[in-house]
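Structure first, commentary second.
Read-outs: derived from the displayed coordinates by stated rules, not from any lab. Source: prediction; values computed, not measured. Please note: Cβ atoms are built from the backbone with ideal geometry, for glycine as well, and neighbour counts cover all protein chains shown.
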Amino acid sequence: MAGFGLPNFGQITEAFKKAQQIQQDAQKIQEELDSMELEGADSEKLISIWLSGNQLPLKVKIDPKLVEIDKESIELKILEALQNAHEQSTSTMKSKMQELTGDLNLNLPGLNPKD
């Protein structure tokens, strides 16, 4: 029955094995991302924010010197630290997913190196 352009049973079995391996690898990557603590800080390191590799906020550290500056500057520093942490988290996640899907050419949104 390998006629009519259909793959043979061996090809189907191999595809299922590959799918199972991808699922196991994806679970492992998910666990790795969950356990990561990625730090983002403002340029003066007065505020640090940690996110997991899956972008879950974990903790915040504020230098006591921060209370000596104005409210607007504090808000900007918090935003800068959060943006840095988010960038580290998303780039780590993309990198890990690229490792998983790189040889599959799945062309998934957000996983293209040009994104």
Considering the stretch 19-40 alone, what residues qualify as being farther than 14 Å from Ser89 by Cβ and free of Cβ contacts under 8 Å to residues at least 24 places away in the same chain? Ala19, Gln20, Gln21, Gln23, Gln24, Gln27, Lys28, Glu31
For Ser91, are the conditions met, namely being polar (S, T, N, Q), under 15 Å from the mean Cα position of the chain (by Cα) and surrounded by 10 or more Cβ atoms within 10 Å (Cβ to Cβ)? yes
When the stretch 41-61 is checked residue by residue, the ones that are without any contact (Cβ under 8 Å) to a residue 24 or more places away in the chain and either of a type in the set (Val, Ile, Thr) or crowded, with 18+ Cβ neighbours inside 10 Å (or both) are Val60
Working only within the stretch 69-85, note down all residues that are farther than 12 Å from Glu44 by Cβ, free of Cβ contacts under 8 Å to residues at least 24 places away in the same chain and of a type outside the set (A, V, I, L, M). Asp70, Lys71, Glu72, Glu75
